[in-house]
Structures are given as structure tokens and as C-alpha cells.
Amino acid sequence: AVESAKGKYAHMLFNELFEDYSNALRPVEDTDKVLNVTLQITLSQIKDMDERNQILSAYLWIRQSWYDAYLKWDKDKYDGLDSIRIPSNLVWRPDIVLYNKADDDFSEPVNTNVVLRYDGKITWDAPAITKSSCVVDVSYFPFDSQQCNLTFGSWTYNGNQVDIINSLDSGDLSDFVEDVEWEIHGMPAVKNVITYGCCSEPYPDVTFTLILKRKSSFYIFNLLLPCILISFLAPLGFYLPADSGEKVSLGVTVLLALTVFQLMVAEIMPPSENVPLIGKYYIATMTMITASTALTIIIMNLHHCGSEAKPVPQWARVVILDYMSKIFFVYDVGENCTSPRREKEEEQKLEGDEGYQSRHTEVRSQLSSRNDDCDLKEKPNGNFNKSYGAHGDINVGETVNCCSCYKMLIKNIEYIANCIRDHKANRAKGIEWKKVAKVMDRFFMWIFFIMVFFMSVLIIGKAA
């Protein structure tokens, strides 16, 4: 019975209030009086942040409250009825819109009910999915912070007719649903009064600044960490043996892999002059890998210098072969730091060379002595016939033939010895160039390792 009585009074109140009411005019008794509209924004959810198009999509609850001078009643006359809910299109509503709207849908606001109190206060809560333009600065992507403004103001009423008042100093974040990509660090509200060039009257607005901090874990594990791991593969190309044939292939493969990641970043970033931090890292790494591949080609040319090449310059022999090889623990070609018999092998090699030289000297001395004997026997001397008896003529002929054989044998041995000596000299020249290439490989490997390490530390330091 009580509910039916209140329903009866509600119908009676509604008919009396809206009998001569018009929602087309500003509800003030004095037209020179300013109508105050209190605005409050509640952020419920961030639906999307489109960095490439610079659009922020958010789900908001917009609360507006004002006093209507023509919608008042005495609640005692209506059985203590102090408020009613009626459709919002029946009452006058302020035309407060989002100034920086970036949506092509200009439909009317959601016609939710308004709460009308006996003293004329109207409260209108309307949900809205807004798309606003936001200036995105991706200089420190993926460790960036963004500030997006939501500016609300009346579209036709100036500040002398409708004034906007902040309900709170900031937007309400109590019902915010946590976003997987962004952290909310605040939503301060500031009232501005602007005089535009078209009009002399001031136009007030309220600007809510949404402070966002990107959660970078996703991008670290999917874009940054693979790039760092791939970058550390590039200096290892200098450690590969030159005869493997894979030194240049490794550099080109790493360069192509980084190019794929660079294209992935370019697809989600706006085409602006501000290159993101991770893009700078990719470009620096790709430049480094390009330089390493070029150096690898130059070093491979040094490695394959043959007998036709010039000898290693004296300064390179001193600086590279004597000092740098010891600093970077580079041994002769075919040796490594794990060879336990290196010194013994060198001693055996020296002993073998000395034995070869001694045997060669002995053979040559014997042949020379026999050659001298032949020279003596060929001289016309009377003692020669006496010493060799009656068969001296036969012995002299045989001796002359034998001496000519010895001379030819000496020439052949000297020719063979000279060929071996030239072959060893050319081989030693090639070994020296190979060692120079190996030392340079090791030197550039550590240089590029240090560069990759410092670039990785620099970009990780930006995250902190």
C-alpha cells in the first residue's frame, strides 16, 4: 500500500513538473546568471593504446550534476518523495563533449536515466567509450611513459552561461581494472579558461591528464632479449676458423635476423622523427654487424695471402706478431694453448733442422773433396802415372767420367736445396700472414664483445 501510494505521488509529481517544462532552454530564472555544472570522471578501463595512430581508447563513467530551477517541489506535499528517476532526454542537459575526440562516430550520449531531487539537483551518470587523440612520445620505447589528455567542455555555452567545476582534484581510479600493458600513475584534473580567436567570451574546460607507464616485460622477452642474444653471436664470427667458410655467412644471418625484429618494431611505432630506444639499439647493432662482416672479409684476404704476397711489414711483425699475439694468447697456426709438448716439439724441430744442415754440409764436403781429387788427377803430372801403375790410362778415363758425374750430382743437389729453401721461405711467409689474420680476428672479437656488452648495459640502464 505504501509503495502504491508513492507511485501515485510520483506520477502526479511527474505530470505537474513537466506540464509546462521545456528542455530546450537553459534552466535558470535569471538569464544573466551562470549555471554551474559539476563534472567528475571515473576511469574504468583502458581498452587500447594505438601508438601508430596516436589514439587512446578508454571506458569512462561521466557524472554531471547541476541545478534546474524549474524542477523543484515540496516533498511534504508528495508524501515525502525526495527523488525520482526519469529519462535524461526529458530534461535539459549541458552539451559537454570531449574536445580531443578522435572517433568518427558522432552519435548522441547514452540516454541513461537521471536522478532528480526535490531541490532541483540533477545527477546524470553516463558510461562512455571514448577515443581521444594522444601525443605519443616513443623515444624510450619500451620503457616509455605517456601523458594523454582528456579535455571536456561545453560546445556552445560560454563561461558566462555554463561554468564547469571540478568535483575532485583528479579522476576517480577506485574502480579501475588493471591493464596488462599499462600502469596508471595518476589522473590529475586542471580547469582552464580559454578565449578563442572566434569569440570574445571565455570558454572553460576541464583537462584530465592520464599518466601511463608501459609494462615492458613483454617487449623485453619478445623483442629486446632475443636481439641481445643474437648480437652476442656476431663477435663469435671472428672466432671461427678462416678455412671453415662460415664466417661471412654467420654475419649475414645475424644481420637478417635483426632486420626482421626491426621491421616488427617499425610496424607498431608511428612514423615520426623520434626513433624509439629499441630501434636505436637495433640500428647500432646492425651497423656493428655490418662493420664486423666487412672486417671479416678483409681479414680473410690476409689469411689467404700466398707465396706471391709481400712479406709482413716490420712494424706489423713487431706490433701484431710479437705483442698483440701474446696479449690475446694467439699461438702459431696449428697450435693452441692446450698443447703440452709445444716446447719439446720446437726443440725437436730445431734439432732436426740442425741435423739436416750438418748432413747436407757433410755430403757437400765429401763431394767437393772428390771433385778436388778429380781436378788433381786430370793435371798432366808424371807422378800421376807412376802412382797408378801400368793401367793408368784406363783409370784416368774412369776417373774423368766419375768426376763429371759428381759435378752434375752437386748441381742437382744444390738446385733441390734451393727449391726447398724457397718453398720454406714462401711457406713461412704464408704462415706469418695467417697468424696476423688470426691475431686481428681475436682483437676484433674482444672489441665487438665489449661494444655489445656496453650497448646492452646502456639500454637496460634506461629501463631503471
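State all residues of segment 69-98 that are in contact (Cβ under 8 Å) with a residue 60 or more places away in the chain, outside any loop (DSSP other than H, G, I, E, B) and under 19 Å from Y157 (Cα atoms); if no residue qualifies, say none.
Listed by number, the residues that qualify are N89, I96.
Over 17 Å from T38 (Cβ atoms) and either part of a helix (DSSP H, G or I) or polar (S, T, N, Q) (or both): does that describe D103?
So D103 fails the test.
Do the conditions hold for L13, that is, is it outside the structural domain of E267 (by the TED database), surrounded by 15 or more Cβ atoms within 10 Å (Cβ to Cβ), over 57 Å from the mean Cα position of the chain (by Cα) and touching a residue at least 24 places away in the same chain (Cβ under 8 Å)?
Yes: the conditions hold for L13.
Scan the strands (runs of 3 or more DSSP E) fully inside segment 161-262 and keep the ones with 1 or more residues being at pLDDT 85 or above and more than 26 Å from I278 (Cβ to Cβ).
Qualifying strands (runs of 3 or more DSSP E): 162-166, 189-194, 203-214.
Give the residue that is farthest from F141 (Cα to Cα), with candidates limited to residues of segment 34-53 that are modelled with pLDDT under 90 and not acidic (D, E).
Here the answer is N53.
If I ask for residues that are of a type outside the set (V, I, T), under 30 Å from S272 (Cα atoms) and open to solvent by less than 40 Å² (accessible area, probe 1.4 Å), which ones from segment 42-59 would you list?
L43, M49, E51, L56, S57, A58
Which residues, taken from segment 16-41, are outside any loop (DSSP other than H, G, I, E, B) and either open to solvent by less than 10 Å² (accessible area, probe 1.4 Å) or not hydroxyl-bearing (S, T, Y) (or both)?
Once the filter is applied, which keeps residues that are outside any loop (DSSP other than H, G, I, E, B) and either open to solvent by less than 10 Å² (accessible area, probe 1.4 Å) or not hydroxyl-bearing (S, T, Y) (or both), segment 16-41 yields E16, L17, L35, N36, V37, L39, Q40, I41.
Looking at (1) open to solvent by less than 50 Å² (accessible area, probe 1.4 Å); (2) in contact with a helix residue (DSSP H, G or I) (Cβ under 9 Å, 6 or more places away or on another chain), which is the one condition that is false for I184?
Going through (1) open to solvent by less than 50 Å² (accessible area, probe 1.4 Å); (2) in contact with a helix residue (DSSP H, G or I) (Cβ under 9 Å, 6 or more places away or on another chain) one by one, I184 breaks only (2).
Given the conditions (1) part of a loop (DSSP other than H, G, I, E, B); (2) in contact with a Cys (Cβ under 6 Å, 6 or more places away or on another chain), report the number of the one that L56 does not fulfil.
All conditions are met except number (1).
Only one residue in I96, I62 is closer than 16 Å to N23 by Cα, of a type in the set (A, V, I, L, M, F, W, C) and surrounded by 18 or more Cβ atoms within 10 Å (Cβ to Cβ). Which one?
Step by step, each of I96, I62 is checked, and only I96 is closer than 16 Å to N23 by Cα, of a type in the set (A, V, I, L, M, F, W, C) and surrounded by 18 or more Cβ atoms within 10 Å (Cβ to Cβ).
The values are calculated or read from the model by the stated rules, or taken from the named source; none is laboratory data. Just so it is clear, the structure is predicted and the values come from calculations on it, not from any experiment. Glycine gets a Cβ as well: all are built from the backbone with ideal geometry, and neighbour counts include every protein chain shown. Surface areas here come from the heavy atoms of the whole protein model, side chains and all, with no ligands, DNA or RNA. Shrake-Rupley method; radii C 1.70, N 1.55, O 1.52, S 1.80 Å.
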